[in-house]
Structure formats: C-alpha cells, structure tokens
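A.B. asks: Can you read through this structure? Questions will come right after.
Read-outs throughout are calculated quantities, based only on the coordinates presented, and are distinct from any laboratory measurement. Everything quoted here is computed from the prediction, not taken from an experiment. When we count neighbours, we look across all protein chains shown, and the Cβ atoms used for this are built from the backbone with ideal geometry, even at glycine.
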Amino acid sequence: MATEQSAITRATFDEVILPVYAPAEFIPVKGKGSRVWDQQGKEYVDFAGGIAVTALGHCHPALVDALKTQGETLWHTSNVFTNEPALRLGARSSTLPLPSACCS
C-alpha cells in the first residue's frame, strides 16, 4: 500500500479509494489552459477532467487571483448561507438575455 513516503501511482487508487468510478490510467500533476501533464511529463488535452475546464481552463491567472482573494476571505459556506460574490454574480446574470432569447 502506498504511504506518504512511497510512490503514488494509478494503482494507489485501486488500493485506497472506494471504486465508485474509474479514473484515467494517468495522474495529472499540473494543468495550464486546456492541457494537463502526468507524473512523467506527458501532455494531454483535458476534454473531461473537470466540470469547468472546458470553459475556463486550468490555472488562468485571473481565476487564480480571484480564488486566492476569496480563499483569504471566506472559504466555503455550502447552501446553508449565501455569499456576496454569488449574489453579485446572480445580479449581473439576471441582466443578461436568456439563451433562448439570444440563440433561437
């Protein structure tokens, strides 16, 4: 079994994670834009690794800055509370046309 001192490989998943899904055979360790790199430095285009990757990419500087700022302010509130950034986004989004109005 892998420990903090031993190598982490894809086989580690099979040893220590409940198998409710089957991840890729490689482990991404770095991402930039639409690309990820595995432990051996092989580059892949990330078509499905994250729910926001297709639209946002990995590690965009503006998003990294926004996440750092928010992380230093308030971490996670679930849906029990609301938060100012979500309300600002909701207010801004409510002024935009609905997709059916702009794309039909």
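A.B. asks: For Tyr44 paired with Leu56, estimate the spin-label separation in nm (one decimal), with each label point 7 Å from Cα along the Cα-to-Cβ line.
C.D. replies: Once both label points are built, they end up 2.0 nm from each other.
A.B. asks: For a quick size check, give me the Cα extents of the range 10-102 along its three principal axes, largest first, whole Å.
C.D. replies: Principal-axis extents of the Cα atoms in the range 10-102, largest first: 47, 33, 27 Å.
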